Structure formats: C-alpha cells, structure tokens
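Worksheet for the structure shown next.
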Amino acid sequence: MNEDWVSDNTPIIGDNVYIGPGAKLFGKIHIGNNCAIGANAVVNKNVPDNVTVAGIPAKIINHRGSKGLIIYGTNVINSKIYKERSKYEEL
C-alpha cells in the first residue's frame, strides 16, 4: 500500500470533534478543533474551528461546536446522561 495515499487523501480530524452516527467524511479535507458533525451528515469540504455542521452536503448550522457533547474522564460518572442510564441498568 502506498503510504502517501493515506496522508494525502483522507480527512484530518482536529481535537475535541464529535462525529454523529452515520456521518460520512470524504476526501482531503480538514475538520477543525471543537467541531460537531450531525448524524448522517456528508462532509466533503473543510470545516472551521468551533462550528456545528449538518446536512447533505454539510453546512454550518451554528457556532457552538462540540461544547457539551464530549464528556471527559471522571466527568462521565458525574454527568446527567450517565446517571440517567444507571437508573435503567439497575432495574
């Protein structure tokens, strides 16, 4: 396999990026830091930092980015989502 193919023709994804289920990222594009990509979005152009994109083709829908969508380390146990899931698992 040609190593240049991997680095030259694949998306580069920044830090703290949330990628929704079913989203597709195609080609030599760059996804900025702190972005959110909506479920089933088709991304074929660069995405700047701190935005949310959605749709086919993906377009910027707001400038909130991934804030609040990514839960880190010990924060998982204290998160509202985790506590809600734990209630149902106990039943």
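The values are calculated or read from the model by the stated rules, or taken from the named source; none is laboratory data. These numbers were taken from a predicted model, which means no experiment stands behind them. As a convention, Cβ positions derive from the backbone with ideal geometry for all residues, glycine included, and neighbour counts pool all protein chains shown. All accessible areas refer to the heavy atoms of the entire protein, side chains included, with ligands and DNA or RNA removed. Shrake-Rupley method; radii C 1.70, N 1.55, O 1.52, S 1.80 Å.
Structural remarks
- Exposure of ASP49 as accessible area (Å², to 10), given a probe of 1.4 Å and all protein chains: 80
- A simple packing score, the average count of other Cβ atoms within 10 Å per residue, orders the peptides 21-32, 36-47 as 36-47, 21-32, with the highest score first.
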